[in-house]
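Step one of this worksheet: look at the structure below.
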Amino acid sequence: MTVAHLLSSADPRRSGGIGVAVARLAAAQRSQGLMVQLCPADAGDQRQAAVAAGAAVVHSHGLWLASSRAARRLRRSGLPLVVTPHGMLDPWAARRRGLPKALLWWWGERRTLATAGCLQALCRPEADVLQALGLPVPVALIPNGVDLPDRRVPLPPPPWHGRLPSEARVLLFLGRFHAKKGLEPLLQAWERWTVAAGIRDAWLVLAGFGDGGALERRLQRRPLPQVLLVGAVAGPVRDSCCHHADGFVLPSHSEGLPMAALEAMAWGLPCLLSPGCHLPEAFQVEAAWPAPPDPPALMAVLQRWYGLSPAAAAAMGAAGRRYVERHHGWDRVARQTLELYAWLQGQADRPAWVCGPSPP
């Protein structure tokens with residue numbers, strides 16, 4: 001069986017967490033014997049690529065993009081279709097959708113979802129949102145996965161090497177520079193906290209992309225204390241960021257299930273995550289502390305992170321690594337997707353983690 005994955009771009013510097021997730025999922029599926037074809041919109045006609053690959057199942061990732069149009073055309077040809085919105089229908093995102101996206105929703109996106117064989121939710125809140133749409137389509141709860149890093153593998157220096165004092169404690173933000181990520185309240189909180197507490201050895205490192213240089217221009221106009229922007233990172237450099245940081249922060253308003261947070265836990269970093277990251281289990285196992293996108297609340301959790309002893313930080317990191325190893329291994333996720341594809345083709349029983357009506 002061959003599955004065609006439709007996505008906006010295979011370059012993680014353009015597609016962000018979705019591109020990383022799809023690439024890792026594809027690798028895990030191949031290791032389990034599935035034939036996989038990545039069909040990025042920026043590489044040509046996605047429908048033609050899927051047909052040429054002999055796809056038996058189409059798996060479309062994200063909304064509001066060219067992939068949705070290709071998915072609808074492939075569905076009309078009779079191929080089973082799985083759609084993973086990746087958090088793009090989260091209530092916070094929906095409130096900011098505006099008229100253009102509202103028109104896109106009624107013109108095509110709703111039809112894409114309504115005619116799919118199944119929708120994939122990355123977390124329980126997203127499953128609830130998808131079911132609340134009232135579409136006659138089942139919903140499969142399959143999370144993102146993460147690779148457990150091998151710390152013995154040599155890595156390049158992090159991008160802040162030689163730019164920060166050797167004793168600097170680094171709090172890492174890794175993700176797309178977008179309003180939903182909570183960057184504005186984080187920067188406000190960081191400035192107030194470092195000034196009020198007289199902090200000199202803690203640095204906020206911002207690794208990301210996606211705002212056309214707006215954040216860089218802002219920091220040039222008005223530099224903030226101990227904030228370093230390093231731009232987009234990928235591959236071994238991305239791993240090096242996680243390996244050399246002392247903590248990770250993601251105070252998002254809205255997420256599907258953030259790959260960067262899973263990676264940070266896999267690397268054993270103490271994490272500061274908002275409830276919008278949809279990882280309540282990380283709080284329960286004491287791998288993370290709540291960090292809502294609110295400056296006063298963020299100031300308090302920043303101070304708490306700064307006060308961590310090395311032993312306490314190591315304990316938080318170990319708890320996070322155990323959690324993702326148990327619940328977010330790519331082998332486990334890939335097996336679930338293979339079970340889903342087999343069911344949609346009538347070759348297996350309905351999986352227990354699929355809820356809602358039968359496929360249309």
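The values are calculated or read from the model by the stated rules, or taken from the named source; none is laboratory data. What you are looking at is a predicted structure, and each value in this text was computed from that prediction instead of being measured. Here the Cβ positions follow ideal geometry from the backbone for every residue, glycine too, while neighbour counts run over all protein chains shown. Just the protein is used for accessible areas: all its heavy atoms, side chains included, with ligands, DNA and RNA removed. Shrake-Rupley method; radii C 1.70, N 1.55, O 1.52, S 1.80 Å.
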Check: Can you name the number of the only condition in (1) in contact with a Lys or Arg (Cβ under 7 Å, 6 or more places away or on another chain); (2) under 30 Å from His178 (Cα atoms) that Val36 fails?
Finding: (2)
Check: What are the residues in segment 18-34 that are small (Gly, Ala, Ser) and touching a strand residue (DSSP E or B) at 6+ places or on another chain (Cβ under 7 Å), if any?
Finding: Gly19, Ala26
Next item on the list: Could you check how many residues of segment 196-210 are touching a strand residue (DSSP E or B) at 6+ places or on another chain (Cβ under 8 Å) and either of a type in the set (D, E, K, R) or assigned to a loop (DSSP other than H, G, I, E, B) (or both)?
Entry: 2
Check: Can you find a residue in segment 190-209 that is open to solvent by less than 10 Å² (accessible area, probe 1.4 Å), under 22 Å from Arg304 (Cα atoms) and of a type in the set (Ser, Thr, Tyr)?
Finding: yes
Item checked: Positions within segment 212-233 being open to solvent by 50 Å² or more (accessible area, probe 1.4 Å) and either not small (Gly, Ala, Ser) or not in a loop (DSSP other than H, G, I, E, B) (or both), in sequence order -> Glu216, Arg217, Arg218, Gln220, Arg221, Arg222, Pro223
Checklist line | Those residues of segment 132-152 which are touching a residue at least 12 places away in the same chain (Cβ under 8 Å) and farther than 15 Å from His86 by Cα, in sequence order | finding: Leu133, Leu135, Pro136, Val137, Pro138, Val146, Asp147, Leu148, Pro149, Arg151
Check: Which condition number does Ala312 fail, the rest of (1) under 26 Å from the mean Cα position of the chain (by Cα); (2) under 30 Å from Pro251 (Cβ atoms) being met?
Finding: (1)
Next item on the list: Scan segment 234-253 for residues that are open to solvent by 20 Å² or more (accessible area, probe 1.4 Å) and under 17 Å from the mean Cα position of the chain (by Cα) and jot them down.
Entry: Ala234, Gly235, Arg238, Asp239, His253
Next item on the list: Give the residue that is surrounded by the fewest Cβ atoms within 10 Å (Cβ to Cβ), with candidates limited to residues of segment 80-98 that are assigned to a helix (DSSP H, G or I) and free of Cβ contacts under 8 Å to residues at least 24 places away in the same chain.
Entry: Gly98
Notebook entry, point to check: Does Arg163 qualify as being among the charged types (D, E, K, R) and at pLDDT below 95?
Noted result: no
